[in-house]
Amino acid sequence: MAIDYMPGETIIHKLDPRTKILWITTVVVLTISLFDPIFLLLLPAALIIGTAVIAGIKVSKLVGMVKPLVPILIGFMIVNLWYYPSMHQATPPTFWLVPKHFQVSLDGIMYSLACLMKYVALIMTIRLMTLLTPIYDFILTAMKFKFPRSAGLALCIGLGYVPVLINEVRSIKESQEVRGWKIRTNNPIKKARAYAPIVIPSIRSSLRRGEQIAVAIEARGYGYDIAHRTFRRELKLCRKDLMAIMFLSALIIVGLVIGQWGLRIAMWTFTSNLLRSIIH
Amino acid sequence: MSVDDIVLENVSFTYEGSSEPAIRDINLRIPRGQVALVTGPAGAGKTTLCYCLNGLIPNFYYGQLTGRVTVRGLDPTRTSIGRLARDVGYLFQDPSMNLFCPTVEDEMAFGPENFGLPPCEIERRTVESLGITRLEKYRLRNPHYLSGGQQQACAVGAILTMRSNILLLDEPTSNLDPLGSANTFTLIRDLMSREQKTLIMVEHKIQELAPIVDRMIVMNEGRIILDGEPREVLKNADEMESLGLKVPHASMLATRVIERGVRFDNFPITADEIAQDLKRLMKARTAVPRLNTREGSTAEENDVAIEAKDLSHTYPPDTAALRHVSLTIRRGEFIGIIGQNGSGKTTLVKHFIGLLKPTKGKVTVFDKDISQATPDELATRVGFCFQNPDHQIFSDNVKKEIEFGLRNIGLPKDEIESRTREALEKVKLLWAIDRDPFSLGLGERRRLGVATVLAMKPEILIVDEPTTGQDFRGGVEIMNLTKTLNDEGKTVLVITHDMELASQFVNRVIVLKDGEIMLDGPTREVFSKTDQLSQTSIRPPQITMIAQKLNDYLPGDVLSVEEMLEVLPNSIFGAN
């Protein structure tokens, strides 16, 4: 599941969710502005892996997340390689991957590699954050930025119910299976209709739960004085957060300067030129 | 003079859309610090009474409320539910309604947060509650992943942090296994000795609570029919039993013995009390009589219905739910499967209908290897009644609901028609054939659930906890039904936490503990092994415990009040 928080006591876990959101922003800005494999490795990749290591999360867990996407990524790489020469003037060295049809250049390889790294980095970032931050922290953050409090609470409660609902749907399915229920068709319309015995009790039960929760939270004093309700976990930025924020901001500036805005040195030609000068 | 925390004067309430009042003419005063047990059959108005006290009536559930309710000086009709919550902590009957926060800690802090208390105070109360409920270790767990007893403890803890002066506990143990119930009762006893709170409990488990409460209130059809000290109220054991309540065997036996001329100084309500009294009467020890038991197992020569050989089941990643279970069930047996939650009962029976496949070992049902069968193939041979009938109901009338299974197995139209009527006849629901299933009461829906399975004409019937969501009488109804089917030759397996039901009906009991078979034998034999049962926190029926206490005089394997009367020496009747 995508929201499986991994509890921990590391410095990263203890950061304020807002700092963590800045962390995501930093990785995103860096990956967007940098367009060269070496720079991507030096900045965003190092940032992601470094964070994972400090947080005690095995890099293999992150790699595992990317694994199912490998076929798509390979396809993506090939498409990039294919299109590159038609977009840019092919500077040598070049060679034919499929004679007369598929020409590949060193620049092209670097460009495709950079694209690939960007995607992987973005996927890993999101994954890493959901592992390190309870989803409720994000909701709290949202409430800090004027997201309605009652809606935030509703979201928290809804998420708390996920395990209950999963169990319920499972037992509904079993109840029908023992009455001989089985999908016996491949026709999509018939198939959808065949799911009625599962879907109807599930919907009814979640509607009923909705009403039950409304009663339940009232009985626990929810309507007492909503405007002055205490939110126990008030978000507070502490020294760790300030230091992290300064560090991340610096990275963003560096990224922007060497990437898109200023020097524009972090383009894919950087590595290919470097390789060329080594070869010659 | 003590202050009354709760005063009800001529209170009646009719839910919107209903023609009959749910409670009528209730007059009740509960003084501060009193501990009261409210009991009565399903539909007696117990929960409605609770809703009147915490303001859900009339602020959430609309209807016509007459008479006057006063709760710690407040009038619920003019007070918000939130304000009343500061005075009345309410534990809902449905456990999933008590727990809705992501962690145990959040759950306990929820109430005080609503009251706008400062975080340090909330923390203090949370820590205290965690201590009382012994949940310190689980502070950051999702409450839904705790055991049943711990979930209930967490729910109680979440009410304690509100520091309400009145606690209303609506069937705090109804969905718990014996261990969870025992733990909850211990928690309640702790609370009673710690704090001077007004405590009102709605419960069916009179046996456990009567000895510890100050007052007992019996409701029926919306009225209070008995009210007083438990010892006084229980003198009406016959009347209570006729309402379908589970009267402690001690009081039932006492009533029978009194009829025969024995007098007690104090009407006994616990096993210890009556055992003491009877011991005194039986001073002269005579030879221990033997029970004239009729049950010789006739099933022994029958052919094998289910066979499990060295069955193990492991849920991923590595939860061993069953370990090396071997058993043989013959055609026509009536078996009770008991054990705590997590002992593997449901996992075991799910193998008998192909919902689960063995991780190791082999299960055969009528010589068919289960690992090659699917539930829908087995549906005509094995019927499985789940606990919650609402999980399967999806049609808008009773007839279609039953036909669903029959159409799944591809029966012809006229066969479907006749089987539907036959099944409804058996569960006494033929009158409801064209009704909307949800217009029926829960007990009736439960029977409808059984009918949907019966219509498939299975040779083996498995019933998961016949008492869920019902009172004792509802459970007895289902058991009577299965008894009839068993008499017709069907093999019946019942999973239950209710030892009285098991002892009354089944011929063979299988006790599971930690995924292994701990005991397996004739009901009488299993229930007399008190020591072994206590290892898994199961207590045999109270009458068996009374007999065991009188082991020097009587056989220790008595299973019912009638049997007890049979073996009691005649000399005690009319002796004093």
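The values are calculated or read from the model by the stated rules, or taken from the named source; none is laboratory data. Model, not experiment: these values are computed from the prediction. With ideal geometry, Cβ positions are generated from the backbone for all residues, glycine too; neighbour counts draw on all protein chains shown. Quick note on the areas: whole protein, heavy atoms, side chains included, nothing else; ligands and nucleic acids left out. Shrake-Rupley method; radii C 1.70, N 1.55, O 1.52, S 1.80 Å.
Scanning segment B:518-559 for residues that are of a type in the set (S, T, N, Q), open to solvent by 30 Å² or more (accessible area, probe 1.4 Å) and under 23 Å from the mean Cα position of the chain (by Cα) yields B:S528, B:T530, B:Q532, B:S534, B:Q535, B:S537.
Inclusion of B:T173 among residues that are in a helix (DSSP H, G or I), away from chain A (no Cβ under 12 Å) and at pLDDT 85 or above is not warranted.
Restricting attention to segment B:11-63, and to residues there that are part of a loop (DSSP other than H, G, I, E, B) and within 14 Å of chain A (Cβ to nearest Cβ), which single residue is most open to solvent (accessible area, probe 1.4 Å)? It comes out as B:Y62. Tell me, yes or no, whether segment A:217-234 has at least one residue that is touching a residue at least 40 places away in the same chain (Cβ under 8 Å), surrounded by 15 or more Cβ atoms within 10 Å (Cβ to Cβ), among the β-branched types (V, I, T) and part of a helix (DSSP H, G or I). Within segment A:217-234 (the criterion being touching a residue at least 40 places away in the same chain (Cβ under 8 Å), surrounded by 15 or more Cβ atoms within 10 Å (Cβ to Cβ), among the β-branched types (V, I, T) and part of a helix (DSSP H, G or I)), the answer is yes, since at least one residue qualifies.
Return a yes/no flag: does segment B:426-435 have any residue that is assigned to a helix (DSSP H, G or I), touching a Lys or Arg at 6+ places or on another chain (Cβ under 8 Å) and away from every other protein chain (no Cβ under 14 Å). Scanning segment B:426-435 turns up at least one residue that is assigned to a helix (DSSP H, G or I), touching a Lys or Arg at 6+ places or on another chain (Cβ under 8 Å) and away from every other protein chain (no Cβ under 14 Å). Taking segment A:119-142 as the range and being under 30 Å from A:R276 (Cβ atoms) and in contact with a Phe, Trp or Tyr (Cβ under 8 Å, 6 or more places away or on another chain) as the test, only A:Y119 passes. Evaluated against (1) within 11 Å of chain A (Cβ to nearest Cβ); (2) buried (at least 19 other Cβ atoms within 10 Å of the Cβ), B:Q150 falls short on exactly one condition, (1). Criterion applied to A:L43, A:L22 was being at pLDDT 90 or above, open to solvent by 10 Å² or more (accessible area, probe 1.4 Å) and touching a Leu at 6+ places or on another chain (Cβ under 9 Å), and the one residue passing it is A:L22.
Exactly one residue out of B:Q34, B:Q93 is at pLDDT below 95 and in contact with a Cys (Cβ under 9 Å, 6 or more places away or on another chain): that is B:Q93. In the condition set (1) open to solvent by less than 50 Å² (accessible area, probe 1.4 Å); (2) without any contact (Cβ under 8 Å) to a residue 40 or more places away in the chain; (3) basic (K, R), A:R193 is compliant with all but (1). Return the residues of segment A:54-83 that are at pLDDT 85 or above, under 18 Å from the mean Cα position of the chain (by Cα) and β-branched (V, I, T); say none if nothing qualifies. Across segment A:54-83, the qualifying residues are A:V70, A:I72.
Is it true that some residue in segment A:82-91 is in a helix (DSSP H, G or I) and open to solvent by less than 50 Å² (accessible area, probe 1.4 Å)? Yes, segment A:82-91 contains a residue that is in a helix (DSSP H, G or I) and open to solvent by less than 50 Å² (accessible area, probe 1.4 Å). In segment A:243-252, what residues are open to solvent by 40 Å² or more (accessible area, probe 1.4 Å), aliphatic (A, V, I, L, M) and more than 18 Å from A:T133 (Cα to Cα)? Of everything in segment A:243-252, those that are open to solvent by 40 Å² or more (accessible area, probe 1.4 Å), aliphatic (A, V, I, L, M) and more than 18 Å from A:T133 (Cα to Cα) turn out to be A:M243, A:M246, A:A250.
Confirm whether A:K240 is more than 9 Å from chain B (Cβ to nearest Cβ), part of a helix (DSSP H, G or I) and of a type in the set (D, E, K, R). Considered against the rule, which asks whether it is more than 9 Å from chain B (Cβ to nearest Cβ), part of a helix (DSSP H, G or I) and of a type in the set (D, E, K, R), A:K240 comes out as yes. Identify, from the list B:I402, B:I393, B:I306, B:I409, the residue that is in contact with a strand residue (DSSP E or B) (Cβ under 9 Å, 6 or more places away or on another chain) and open to solvent by less than 50 Å² (accessible area, probe 1.4 Å). Going through B:I402, B:I393, B:I306, B:I409 in turn, the sole match is B:I306. So is B:D414 part of a loop (DSSP other than H, G, I, E, B), open to solvent by 50 Å² or more (accessible area, probe 1.4 Å) and not aliphatic (A, V, I, L, M) or not? Here the answer is no, as B:D414 does not meet what is asked. Selection of helices (runs of 4 or more DSSP H) fully inside segment A:143-205 by the criterion of at least 1 residues being within 7 Å of chain B (Cβ to nearest Cβ) returns A:149-160, A:162-177. Scanning segment A:117-130 for any residue that is within 14 Å of chain B (Cβ to nearest Cβ), in contact with a helix residue (DSSP H, G or I) (Cβ under 6 Å, 6 or more places away or on another chain) and in contact (Cβ under 8 Å) with a residue 40 or more places away in the chain turns up nothing.
If I filter segment A:103-110 for residues that are over 30 Å from A:A227 (Cβ atoms), open to solvent by 20 Å² or more (accessible area, probe 1.4 Å) and part of a strand (DSSP E or B), do I get at least one hit? Yes - at least one qualifying residue is present in segment A:103-110. The residues of segment A:200-211 that are surrounded by 15 or more Cβ atoms within 10 Å (Cβ to Cβ) and not small (G, A, S), listed by number, are A:I200, A:P201, A:R204, A:R209. Residues in segment B:366-387 that are within 30 Å of the chain's Cα centre (by Cα) and more than 7 Å from chain A (Cβ to nearest Cβ) were compared, and the one that is farthest from A:G180 (Cα to Cα) is B:Q387.
Name the residue, out of B:V202, B:V213, that is more than 19 Å from B:G45 (Cβ to Cβ) and aliphatic (A, V, I, L, M). After ruling out the rest, the residue left standing is B:V213. Assessment of segment B:29-47 against the conditions (more than 28 Å from B:G148 (Cβ to Cβ), free of Cβ contacts under 8 Å to residues at least 60 places away in the same chain, touching a strand residue (DSSP E or B) at 6+ places or on another chain (Cβ under 6 Å) and β-branched (V, I, T)) yields no matching residue. Of the residues examined, A:I139 is not one that is at the interface with another protein chain (Cβ under 8 Å from one of its Cβ atoms) and part of a helix (DSSP H, G or I).
Candidates B:E136, B:E121: the one that is at pLDDT 90 or above and under 19 Å from B:N183 (Cα atoms) is B:E136.
Listed conditions (1) at pLDDT 80 or above; (2) out of contact with any helix residue (DSSP H, G or I) (no Cβ under 8 Å at 6 or more places or on another chain); (3) open to solvent by less than 70 Å² (accessible area, probe 1.4 Å) are all met by A:V162, apart from (1).
Go through B:V363, B:V453, B:V349 for me and flag whichever is of a type in the set (V, I, T) and more than 14 Å from every other protein chain (Cβ to nearest Cβ). Even if it seems obvious, please write down each step before you answer.
Values: B:V453 fails: more than 14 Å from every other protein chain (Cβ to nearest Cβ); B:V349 fails: more than 14 Å from every other protein chain (Cβ to nearest Cβ).
Going through B:V363, B:V453, B:V349 in turn, the sole match is B:V363.
Residue count for segment B:122-137 satisfying the condition of being open to solvent by 40 Å² or more (accessible area, probe 1.4 Å) and either in a helix (DSSP H, G or I) or at the interface with chain A (Cβ under 7 Å from one of its Cβ atoms) (or both): 6.
A search for C-beta distances below 7 Å between a residue of segment B:505-532 that is in contact (Cβ under 8 Å) with a residue 12 or more places away in the chain and small (G, A, S) and any residue that is in a strand (DSSP E or B) and open to solvent by 50 Å² or more (accessible area, probe 1.4 Å), counting only pairs 6+ apart in sequence or on different chains, returns B:G515/B:R323.
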